[in-house]
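The values are calculated or read from the model by the stated rules, or taken from the named source; none is laboratory data. Nothing here was measured: the structure is a model prediction, and the numbers come from that model. Positions of Cβ are generated from backbone atoms using ideal geometry, with glycine treated the same way; all protein chains shown enter the neighbour counts.
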Amino acid sequence: MPRAGTVVSRVQRSMQPAPLKPVRTTAIGALVLMCVIWGYSWVVTAVGLRHAPPFDFAAMRVAMGAAVLFAIAKATGRNLRLPSYRMAGVLGAIQVGAFVTLSQLALLRAGPGKTSVLVFTMPFWTIVFSRFMLHERMRNSQWFAVGLTVVGLTLIVAPWQLGSATGSWLAICAGGLWGISTVASKRWPTTGVDPLVFTAWQLLFGCIPLGLLAVGWHDRPVDWTREFVIALLFAAVFATAIGWWLWAYVLSHTSASLAGLNALAIPCIAVLSSWLQLGERPAPLELLGMLLIGTALGLLGWLGMRAAAQTSTTI
C-alpha cells in the first residue's frame, strides 16, 4: 500500500506542471514574434501606399492573408467550420474592416511612428469601454495612467494645429475600435474554437467591406513595382495572416494583461524603424507625448500582471 501511494504521488507531481511550461514558453515566443512583425509592418504599409490606393492595398492584403490561413488550416487537417459565426463576423467588420480602413487613412496623413503610437493606445480604450460594457471598476492607479494617456494624446494630436490633426484622430479612432472589439470578445466569448480557423474567418468577413470600399474608391491604378510586390507580400503573409494568427493564439494562451503588453513594443519598433528607414523624426512635443503614453501603458500592463500574480497566488 505505501508503495502504491508513492507511485501515485510521483505520477501526480510529474503530471501537474508538465503541460504548463511549454504553453507559456510558446505563447511568450509568439508574443515577441508578433511585436516584431506588427511593429515593422507600419513602415511596410506606408511604403505600399505609395504605389496603391489605400483600400486596394487593404483589401488585397486581407484577402491574401485569409487565403493563406485557410490553406494552412486545410493542409493541416483542421475543421474549417465554426460552431457560431456571429463573433467572427462582428470582429471581422470592426477589428479588421473598420480598423484597417482607419489605420490606412491615418497613415496617408501621418507617419508610421506617430500613427502606431496613437493606434496602440488600445489598452487605454479597453479599460474605458470595460467600465461601461463590463461594469469593471477603475482603481486610482488606473485613473493616473488614463490621465497620462490623455496628456500624451493632447501633445501628439496638437489640437492647436487643426490642420495636422486629421491623421491623429483617425489613428485614435482605430485604437478605440480595437479596444471596443476586445471588450466585445470578452463580453461574448467564443469557446472551443481553433485560433487559426477563427482568424481565417475573421479576415474573410473583414475583407468584404474593404473590397466594397476598394471598388467604390479607386482614384488611381496600382503601380505593380518590385517594391510594392514585396510590401504587399509582407503585409499579407506576415502582418495579416501570421500576425493575426499569433494575436489570436496569444489571447487564448495567456492572460489579457500579458497580451496587452504588446502595445509597448509595437509602437517602439515602429517609431525606430520609421526613423531609420523613412527618416521620420518625431517633434519634441510628439516625442514627449509618446513617452507619456508609453509610461501609462507600461503602468497598466504592470498593474495587470501584478493582479494576475496575486490571483494565482491566492488560488
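Which one of A239, A265 is aliphatic (A, V, I, L, M), under 16 Å from the mean Cα position of the chain (by Cα) and either at pLDDT 75 or above or more than 24 Å from W125 (Cβ to Cβ) (or both)?
On the way: A265 fails: either at pLDDT 75 or above or more than 24 Å from W125 (Cβ to Cβ) (or both).
A239 is the lone residue from the list that is aliphatic (A, V, I, L, M), under 16 Å from the mean Cα position of the chain (by Cα) and either at pLDDT 75 or above or more than 24 Å from W125 (Cβ to Cβ) (or both).
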Open item on the list: Based on this model, can you work out whether R109 counts as surrounded by fewer than 24 Cβ atoms within 10 Å (Cβ to Cβ), farther than 15 Å from W178 by Cα and in contact (Cβ under 8 Å) with a residue 12 or more places away in the chain?
Closed with: yes
- [ ] Provide a single number: the residues in segment 67-125 that are more than 14 Å from the chain's Cα centre (by Cα), part of a helix (DSSP H, G or I), within 29 Å of W169 (Cα to Cα) and small (G, A, S).
- [x] 5
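From V117, V43, V47, grab the single residue that is within 29 Å of R187 (Cα to Cα) and not acidic (D, E).
Values: V43 fails: within 29 Å of R187 (Cα to Cα); V47 fails: within 29 Å of R187 (Cα to Cα).
Of the residues listed, the single one that is within 29 Å of R187 (Cα to Cα) and not acidic (D, E) is V117.
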TODO: Sort through A46, A58, A4 and tell me the only one that's modelled with pLDDT of 90 or more and in a helix (DSSP H, G or I).
DONE: A58
Open item on the list: So for segment 70-87 (the condition being in contact with a helix residue (DSSP H, G or I) (Cβ under 9 Å, 6 or more places away or on another chain) and buried (at least 22 other Cβ atoms within 10 Å of the Cβ)), does at least one residue qualify?
Closed with: no
